[in-house]
Structure formats: C-alpha cells, structure tokens
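One structure below.
The values are calculated or read from the model by the stated rules, or taken from the named source; none is laboratory data. These figures come from a predicted structure and were not determined experimentally. Counting neighbours? That spans all protein chains shown, and the Cβs are built from the backbone with ideal geometry, glycine included.
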Amino acid sequence: MRDIAFVFPGQGAQSVGMGREFYELSGDARRVFDKADQVIKGLSDVIFNGPPEKLTLTAFCQPAIFTMSVAALRAFQAHPKFQQVTVRYAAGLSLGEYSALTACGALSFEDTLRLVERRSFFMEGATQLKKGKMAAVIGFDKEKLLEICRRTGTEVANFNTPEQIVITGEAEAVEKASQVIQEQGAKRVIPLDVSGAFHSSLMRPAVSQFEIELKKARFTSPTFPILSNVDAKPSTDPEYIRRNLASQITSSVQWVDSIVCMAKEGVSDFLEVGPGNVLKGLIRKINPELKVHNIRQPQDIEALPY
C-alpha cells in the first residue's frame, strides 16, 4: 500500500473535449456526467463540444472542471489500482477544493455541483460591482511584496509557490502595485485574463449570499481530512469545513503551506486528478522531491506505478 494525497485543479485548467474518453470507457465516470446534466442542463455538451468561448464563461467553466475532475476520480476508484493506495488527504486549488470535498465524502456530488454553480454566479455578480484585476508575480521577495500590497491597497490571492504569488484587488491598485514590484526587481509580473479580483475583499458581496447556500447543504464527516485553502490545516469537522468555504471566497489561497503540511505528515505521492497539469508544476517548485502523477485520461490510470 502506498500513502497518497489527492489534489484537484482550479479555474483555467479547462479544455473542450476534456473527459470524453472517461465518459466513453467508464460507466462510473459516465454516471457523473449524466448526474451533472440533471443539475445543469446541457453541461456535458459544452464540456465535450464547446465552443471554447462558452466553456470559459465562469457559469460553465467552474462546474465543468469540477464535473470532469470527479468523473476522473470515480474512474480511478473503480479501477483495481485504487486498492493499492491509502488516501491520506485531499486538497484543491481554489475551485479545486470542491472536488476535494466530494473526494473525501464531506458532500455529495450533486450538492457540491449546486454549490459550485451558485458560487460562480455570486462571484461573477461581485465582479460587476467594481472593476478588479489580478496579476502573477514571479521571482520577488514575499515580505517586500506584502509591504507593497499594504501600501497600494492590493491583496494576495494565491501563494502558489515560493516563487509565484498572485496579487488581486481594484484594477488601478493592481496596476500601481505591479509597476512598483516590477521596478523593484521582480523577474516578471503577468496580468491575468480574469473577469475580476477573485480572493479579495471585493468578493465580499458574494460571501453573504453564498453562506445561505452553504447552510442548505448536507455536510457529513469526511473519510479522510481535507485541507482548506484558507488556513492549510487538515480537518474532518463538517462545520469547520463549511465555515472555511465561505471565507475562501475572500481569503488568500495557502497552496504552498498546504503542500508543505501534507509532506510533513509523510505524504510524498500526489495524484492530480482532473484537467491540465498546473498543480504538478507548482508542487515540484514547492518541493522537487515530491512525486506527482496526473489522471487526465483513462490511460493515465494504467500508467500509474502502483
């Protein structure tokens, strides 16, 4: 038996056609897509056939990535290789935390999909109230960056790696901070193609609306701990998990600390389940000694060294 942790990707990992092979080859995966269509009519068609501009809309993008990730997970769980591993933890990057929720059994797939749909709707609504922006900062001192954020009124959205931190906030403030950071020696500052200032205080209008939806959801004790983006701490307490999901909308994503925590607890094998391989790159930059395998298509399961 090998100890592993599941990790799940966030928004931006989508591509038209993702998960089609799982749908065709795995009955367990097909049932996930069929259930998704009952909650959000026509979602599978957008996932498999696009067009790309429709799939990238937040209303489709977030439910699509979540659905494909869970479909890939169910295909793996039905495979004999799943019997060779012990799952110690689950974590996800921003949106990916919702895939982790379903993976650990804290919430049913259908209930989680409804939350994902509502979350994306409320967050998109918040972006209409004030013009926000985000930028990725590569190769810049963390303490210096935090001080510039304080001075310019910007915030940190993501601690992705020790070398990559994403800033967020009002558009003008992010532009000003980006200029200062660039002038003070950052390797690169990359404006992100997003519709608003996610993981910032500008998202507060979405929180109160989302808390109402969270109260309706039926949380249960997970079968293994989930690490929250908010504090990077593992938990099996349903109420603690529920509260952190509300806070996550405006809080920084503590991805570095999440990976460090799981590694300290003895996990050296990570399975990135879902579209893309962004997390593999991030985890290797956090700790090059950690192993990361991807499950993006059925043949990836066959290739696992278990």
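Table for the structure above
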{"item": "Filtered residue count, the range 70-111, keeping only those that are among the hydroxyl-bearing types (Ser, Thr, Tyr) and either modelled with pLDDT under 95 or over 17 Å from Val273 (Cα atoms) (or both)", "result": "1"}
{"item": "Filtered residues of the range 163-202 (kept if charged (D, E, K, R) and either at pLDDT 95 or above or surrounded by 20 or more Cβ atoms within 10 Å (Cβ to Cβ) (or both))", "result": "Glu163, Glu170, Glu172, Glu175, Lys176, Glu183, Lys187, Arg188"}
{"item": "Residues satisfying the stated conditions in the range 36-55, i.e. out of contact with any helix residue (DSSP H, G or I) (no Cβ under 6 Å at 6 or more places or on another chain) and closer than 14 Å to Glu117 by Cα", "result": "Gln38, Lys41, Gly42"}
{"item": "Among the residues listed as Pro275, Pro305, the single one being surrounded by fewer than 21 Cβ atoms within 10 Å (Cβ to Cβ) and in a loop (DSSP other than H, G, I, E, B)", "result": "Pro305"}
{"item": "Residue in the range 221-233 that is in a helix (DSSP H, G or I) and not aromatic (Phe, Trp, Tyr) present", "result": "no"}
{"item": "Per-region count, the range 45-54, residues outside any loop (DSSP other than H, G, I, E, B) and either at pLDDT below 95 or surrounded by fewer than 14 Cβ atoms within 10 Å (Cβ to Cβ) (or both)", "result": "5"}
{"item": "Residue list for the range 134-186, filter: β-branched (Val, Ile, Thr) and either in a strand (DSSP E or B) or under 23 Å from the mean Cα position of the chain (by Cα) (or both)", "result": "Val137, Ile138, Thr154, Val156, Thr161, Ile165, Val166, Ile167, Thr168, Val174"}
{"item": "Out of Leu55, Leu93, sole residue that is farther than 17 Å from Arg242 by Cα, in the same structural domain as Phe8 (by TED's automatic domain parsing) and under 17 Å from the mean Cα position of the chain (by Cα)", "result": "Leu55"}
